[in-house]
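A short reminder: the numbers here are calculations on the coordinates, not readings from a lab. What you see is a predicted model, and the numbers here were worked out from it, not measured in a lab. As a convention, Cβ positions derive from the backbone with ideal geometry for all residues, glycine included, and neighbour counts pool all protein chains shown.
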Amino acid sequence: MDYQITVNGTSRTVSATPDTPLLYVLINQLDLKGPRFGCGLAQCGSCSVLLDGVEIRSCITPVAAVQGKALTTLEGLPALYAQQKGLAQAPAMHPLQQAFIDVQAPQCGYCYNGMTIKGSELLAKNPKPTEAQIRDHMDGHLCRCGTYPRVMKAIQLASTRMAGEVR
Amino acid sequence: MNAHQTELNFSRRDLLKGGGALIVGFSMAGVPAGGALAARGDTAVAFDMNAIDTWIAIHADNTATVYIGKGEFGQGNTTGLLQIAAEELDLDMSQMRSVQLDTNVVPNQGATTSSSSIERGGPQIRAAAAEARRALLNLASARLRMQIGSLVVNKGIVSIDGHPTQSVSYGALIGDKPFNVKFTGTAPQKSITRYKVVGTSVPRVDIPDKAAGKYIHMQHVRVAGMLHGRVVRPRGQRAYGIGAKPMAIDEASIKDIPARIVRKGDFVGVVAESEWDAIRAARALKVSWQETSALPGNADLFTRMRAAKTNDATIVDWGDADKAFKQAAYVSTATYYCPYQSHAPFGPNCAIGDVSPDRALVICSTQDIYNTRDMLAAVLSMPVDKVRVQYVEGSGTYGRSCYDDAAQAAAVMSQAVGKPVRVQFMRSDEHGWDDYGPAHLADVRAAIDANGKIVAYEYHGWQHGWMINETTHELVLNTPPKERTTGAGSIPVNRMSTGSMYQMADRRVVSHMVPMEGLLKGAPLRSPLDLAFAFASEQSIDELAVAAKLDPLEFRRKNIGDARWLGVLNAAAQAAAWTPKISGSALGSGEVVTGRGIGVGTHHVSYGAAVAEIEVNKRTGVIVAKRLFGALDAGQIVNPAAVEAQIMGQMIQATSRTLKEEVLFDKEGVTSLDWMSYPVLRFAEHPEVTPVVVQRLDEPSSGAGEEVMGATTAAIANAFYDATGVRLRQFPMTPDRVKAALAART
């Protein structure tokens, strides 16, 4: 059946059985590259998206459950950031994405959808997180290449930049 | 065009010719060059490894494409190899690009394994680039009417030395035309003293798109008309050799799902238009599998291994170890137990097969497109030259995960249904049907004389070998078990990781190869078994240091003569601000105690050393790695920042494997099927890591992606002793094992 869902500010019509996890609609019908399959069990954070600004696992969230709410995927993160900060124009990337480049964080990069979504969620509600808060907040997101220290560093760098201390 | 972007060479023509498939979601950045080079990719060709055109193309816009045959897996080798080529060609990194690996497009540089890209692939790229530069200078010499010795090159502009206006660009000399020049074997390679690009930390070319979410991983690839496939197997592999024999398939069990069953031999899969339907069908399909209880289960694994009829090989036999042990002042004797561990890519493997009666295209994340092509030809019963394999980076694989299995499954299902099929392994497929890093059992004896010098060393290791064919291959063709135990690519005990760094006259290393049949499937897992070897070997060495009443760093310095081993040992110790203390001589009394340890290790050639600082909670048994310091000497390091990232990744992954990772199985099959039943190191648990690159520009490059892992495991294990005064001789060092070891002391 058809569903109206709002993804990155745009209303989209998708067709799926009610139990179809949101992930498969996002990747196969809307051709999005941010959320990606990792476990299908909500254990790893690969498929994360924001639902009204809160990180959820799209691999276990039925498409029927997200109607009437605002979904943001990695693709929509710069625009969401602009909205949150009252910027006139969306930047090319969220500051955390730029920080990931600057600290040369990703290796295979597959987990970085989740790292970016979850890290941006933290920075939106807590602009100056402590190391302990970052560790706690990010703990549901696995990285198999072992880049946790640089995710940490990038979140701290983005936090500093977003506060306008460094440009 | 972003010159750094890796060109994805799925030419539209090829795919249309091959049955209407068309890649969507790819930018066609880096459109293949015109002229003769445009044909590249149409057919399988035998590349002339001594022809410049095989390796390098110069374009009219004065950029270069390097046909690198080693895959990018997130380790940064593409950047490093482009640096080598840019250096020899006197081009800027912004002028360099590579292409996606493709059996019709890139030469066979061998598998992207053993951290060999820079070590073995680098010299090939360097030689080709030097030959290309020489050929370009020959052309420039004729154009500018000036001898080569008077020409200089800057960013691909050749000019007469001292007359910068008298110049011609590489692009103007040959742009998009073939060189048609063979290697001369005499093209001069740049002196190290003139290096501008090699040895510098150029930002990795793959990172911007990975951070921006624009990078195309294998899991993102879609082709037109594609169906979704899933494999159907028992949840968790059974004893190797038993396979997965379907006794009965209840087709009615999925009658309400629009999906089709594919069966070929013992291979079972489902295909559907919708991915969710394929997933539902794979779950719902009722298959009665042949029953088995042939595995030993974790509890009896090591008993089974020791009792096995083994194929033994003496790897090292120096002097008279038996005699030396009899005369020693102190002998340490211990047995160590090391688990099966899974590659467990963060994203399970994915592949697309597009097979028609006379040709096959398979897109996957293999470490060796050419070997994958050969294996696919066998599974599909097709001539090798009709099979084309393209590589797209997937989620990090750390050795041979299920990429070939997924590729073969996609090809088999596509062949059966006559349409392109995308197979995405589910988490339980990848975890449960992995070719695991094999378990290991070690008996180690090591001895010192009264002066604290190591006088004898003996290492007996038990492990099985690696898969030769993949599971889909074996299921489809019903071929018998086939295991690699000898020859190139096999895994006897590694002589480099078992005491090779210490000076002694009497040393023996014996490998006891256990048959894989009846156990779990094996394959190389990042730094294969080196974590196990170092866990065993370096704990025994550490015991000797305690017996000699010496600080473990001092003891190692006293027993190591090689300057490069001493170099990494000292570099790691210095980074950690090591202060001398006999291990375990100052035990804390609280519930949480701290310790620090040191260890050395390698994989093949490079030199690794690590220091670990840990906390042990004696009540809960939880070990927390707080700070790690790792030093690596891999000869000439082309990109120090990329190697620092590799050291960090190795140390985090080694911590995970040392403290947490173990494949669980009962007599029937594997029960580690997800991240709950196979826990790995989590974000909140990660240690701080300080990587130290020991640069030796004048030494040949050697591997940099695996060689600090063993040292890290050893350092953590030795830190545990320092913290508690107890040796833990089995990893992963889980809370239960920690508590049991501490309880056994009293």
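In order along segment B:612-627, the Karplus-derived 3J(HN,Hα) couplings, from 6.51 cos²θ - 1.76 cosθ + 1.60 at θ = phi - 60°, round to 10, 10, 10, 10, 10, 8, 5, 7, 8, x, 7, 9, 10, 7, 8, 9 Hz, and Gly and Pro are given as x.
Once C-alpha pairs closer than 8 Å and six or more residues apart are averaged by separation and normalised to the residue number of chain A, the relative contact order reads 21 percent. Answer rounded, prolate or oblate for the protein assembly as shown, using the Cα gyration tensor with square roots of eigenvalues a ≥ b ≥ c: rounded when a/c is under 1.5, else prolate when a/b is larger than b/c, else oblate. Judged from the Cα gyration tensor, the protein assembly as shown comes out rounded (a/c under 1.5).
With K and R counted +1 and D and E -1, the other residues having a Cβ less than 11 Å from that of B:A684 yield a net charge of -2. Can you give the local net charge around B:D53? Use residues other than it whose beta-carbon is closer than 14 angstrom to its beta-carbon, Lys and Arg +1, Asp and Glu -1. Once positives and negatives cancel, what remains is 0. For chain B, the square roots of the Cα gyration tensor eigenvalues, ordered a ≥ b ≥ c, give a/c of at least 1.5 with a/b no greater than b/c, which places it in the oblate category.
Here each label is just a point 7 Å from Cα along the line to Cβ, and for B:R564 and B:Q695 those points are 1.8 nm apart. Within 10 Å of the Cβ of each residue in B:337-346, the mean number of Cβ atoms contributed by other protein chains is 2.
The ranking of A:M152, B:M49, B:M467, B:M501 from fewest to most other beta carbons within 10 Å of each one's beta carbon is B:M49, A:M152, B:M467, B:M501.
Only beta bridges with both residues in the protein assembly as shown are counted; by DSSP, about 75 percent of them are antiparallel.
Our summary gives segment B:435-499 a relative contact order of 27 percent, counting only alpha carbon pairs under 8 angstrom and 6 or more residues apart. Note on B:T200 and B:E688: with the Förster distance fixed at 30 Å, the Cβ-Cβ geometry gives a FRET efficiency of about 0.70.
Positive-end ranking of B:G71, B:A446, B:A575 along the dipole of chain B, with charges on Cβ about the Cα centre, is headed by B:A575. What the phi angles of segment B:425-440 give under the Karplus curve with 6.51, -1.76 and 1.60, with θ = phi - 60°, is a coupling list of 5, 7, 4, 6, 5, 5, 5, x, 10, 5, 8, 6, x, x, 6, 8 Hz, glycine and proline written as x.
Convex hull volume of the C-alpha atoms in segment A:2-75, normalised per residue: 73 Å³. Of the GluC sites (Glu not before Pro) in segment B:493-588, the ones in a loop by DSSP (not H, G, I, E or B) with at most 16 other beta carbons within 10 Å are B:E517. Tell me which of B:T690, B:A717, B:A609 sits at the most positive position along the dipole axis of segment B:607-746, charges placed on C-beta atoms (Lys, Arg +1; Asp, Glu -1). Positive-end residue among those listed: B:A717. Annotation: amide H-H contacts under 5 Å for B:R484 (H modelled 1.01 Å from N, sequence separation of 5 or more, or interchain): B:W466, B:M467, B:I468. In order along segment B:502-512, the Karplus-derived 3J(HN,Hα) couplings, from 6.51 cos²θ - 1.76 cosθ + 1.60 at θ = phi - 60°, round to 9, 7, 6, 8, 10, 9, 9, 10, 10, 9, 10 Hz, and Gly and Pro are given as x. Ellipticity at 222 nm from helices only: DSSP H runs of n ≥ 4 in chain B, each -39500 (n - 2.57), divided by the residue count, give -8500 deg cm²/dmol. Database remark: amide H of B:R388 closer than 5 angstrom to the amide H of B:A360, B:L361, B:V362 (H placed geometrically; neighbours at sequence offset of 5 or more, or on other chains; Pro and chain starts carry no H).
So for chain B, averaging the separation of alpha carbon pairs under 8 Å that are six or more residues apart and normalising by length, what relative contact order in percent results? RCO, chain B: 14 percent.
Each residue, B:S94 and B:A224, gets one label point 7 Å from its Cα in the Cβ direction; the gap between the two is 3.7 nm. Can you give the average number of partner chain beta-carbon atoms within 10 Å of each beta-carbon in peptide B:213-219, as a whole number? The mean count of partner-chain Cβ atoms within 10 Å per residue comes to 6.
Overall, segment A:37-164 carries a charge dipole of about 140 debye about its Cα centre when +1 sits on the Cβ of Lys and Arg and -1 on the Cβ of Asp and Glu, all other atoms neutral.
Here the gap between B:S381 and B:K264, fully extended at 0.36 nm per residue and compared with their Cα-Cα distance, gives a gain of 40.8 nm.
For the peptide B:450-463, the mean number of other protein chain Cβ atoms found within 10 angstrom of a residue's Cβ is 0.
Each part reduced to its alpha carbon centroid, segment A:83-132 and segment B:576-632 end up 33 Å apart. Distances between placed amide hydrogens fall under 5 Å for B:K626 paired with B:E613, B:I614, B:E615, all partners being 5 or more residues away or on another chain.
Using a/c under 1.5 as the rounded threshold, could you call segment B:581-692 rounded, prolate or oblate? The axes a ≥ b ≥ c are square roots of the C-alpha gyration tensor eigenvalues, and prolate needs a/b larger than b/c, oblate otherwise. The shape class here is oblate.
The dipole here belongs to segment B:428-585: it is taken about the Cα centre, uses +1 on the Cβ of Lys and Arg and -1 on the Cβ of Asp and Glu, and is about 740 debye. The simple Förster model, with R0 at 60 Å and r as the Cβ-Cβ distance, assigns A:A65 and B:T165 a FRET efficiency of 0.30.
Taking A:R57, A:R36, A:R144 in turn, the Gaussian network model of chain A (Cα-Cα springs below 10 Å) assigns the largest fluctuation to A:R144. Shown here are the Rg and Dmax of the Cα trace of segment A:64-167, at 13.6, 43 Å. Under the simplified labelling scheme, the B:M49-B:E291 pair shows an inter-label distance of 5.3 nm, with each label point 7 Å from Cα along Cα→Cβ. Seen against the Cα atoms of chain A and their longest principal axis, helix A:112-125 is set at about 70 degrees.
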